[in-house]
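Please read the structure below before turning to the comments.
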Amino acid sequence: MKTITSFTSCVVFAMLTLFAATTSQAQITMDEFMSKWENSREFTLETLDKMPANLLDYKPHDSAMSFKEQITHVAGSIAGLSKGFLEGGDMDFDPQAKPQTKAELKKFIEQCYDYGKKTISSLSEAQLGEEIDSFAGKVTRRQMVGLIDDHATHHRGAAVAYIRANGIDPPAFRGL
């Protein structure tokens, strides 16, 4: 009997420890996320800076997006998804713009990241927890924020690969 009680106590203790560990570290704070967001913006701008202007239309295969399209897609999707799924307000720019030069791309990146930041940071905890219907199925707005961030990372990563494919050293990885 003593063995069963000890075993049960150990199992309960392990479950409580696991629960405490997973719930206390399950999410980052909004301030921590906004720091990550700014890092993402800077990494995207550094990625743009590394690609020479004469290679903006480079793509590794006919079926792939060009470097310029990858960067435009990173930025434009931040604005479009923020507007459509995170209750974003009116925009003073066209989220479907097709910037052509590095200067136009830089401005577009800044506008879209600013809009995303304003939209995401204005959401309350209750709004972040609300379930919405999306192209990814039923998700919370918090999950949509994560999807937007992951999507930007994915396409920026493709742009970094394009830089490498042209024999250029990409920007160094940016941590938190």
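Structure above, values below:
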{"read-out": "Filtered residues of segment 121-145 (kept if modelled with pLDDT of 95 or more, among the small types (Gly, Ala, Ser) and within 16 Å of the chain's Cα centre (by Cα))", "value": "Ser121"}
{"read-out": "Criterion (over 13 Å from the mean Cα position of the chain (by Cα), part of a loop (DSSP other than H, G, I, E, B) and within 20 Å of Leu45 (Cβ to Cβ)) met by exactly one of Phe173, Phe108", "value": "Phe173"}
{"read-out": "Answer residue from segment 39-61, given it is without any contact (Cβ under 8 Å) to a residue 40 or more places away in the chain and not polar (S, T, N, Q) and is surrounded by the fewest Cβ atoms within 10 Å (Cβ to Cβ) among those", "value": "His61"}
{"read-out": "Those residues of segment 111-127 which are in a helix (DSSP H, G or I), among the hydroxyl-bearing types (Ser, Thr, Tyr) and without any contact (Cβ under 8 Å) to a residue 60 or more places away in the chain, in sequence order", "value": "Tyr115, Thr119"}
{"read-out": "Identity of the residue in segment 62-74, assigned to a helix (DSSP H, G or I) and in contact (Cβ under 8 Å) with a residue 60 or more places away in the chain, that ends up farthest from Lys117 (Cα to Cα)", "value": "Phe67"}
{"read-out": "Residue match in segment 130-151 (condition: touching a Gly at 6+ places or on another chain (Cβ under 7 Å), in a loop (DSSP other than H, G, I, E, B) and of a type outside the set (Ser, Thr, Tyr))", "value": "no"}
{"read-out": "Single residue of Phe19, Phe85, Phe43, Phe33 found to be over 16 Å from the mean Cα position of the chain (by Cα) and either modelled with pLDDT of 90 or more or more than 30 Å from Asn166 (Cβ to Cβ) (or both)", "value": "Phe19"}
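The values are calculated or read from the model by the stated rules, or taken from the named source; none is laboratory data. Please read these numbers as outputs of a predicted model, since none were measured by experiment. Here Cβ is always computed from backbone atoms with ideal geometry, including for glycine, and neighbour counts include all displayed protein chains.
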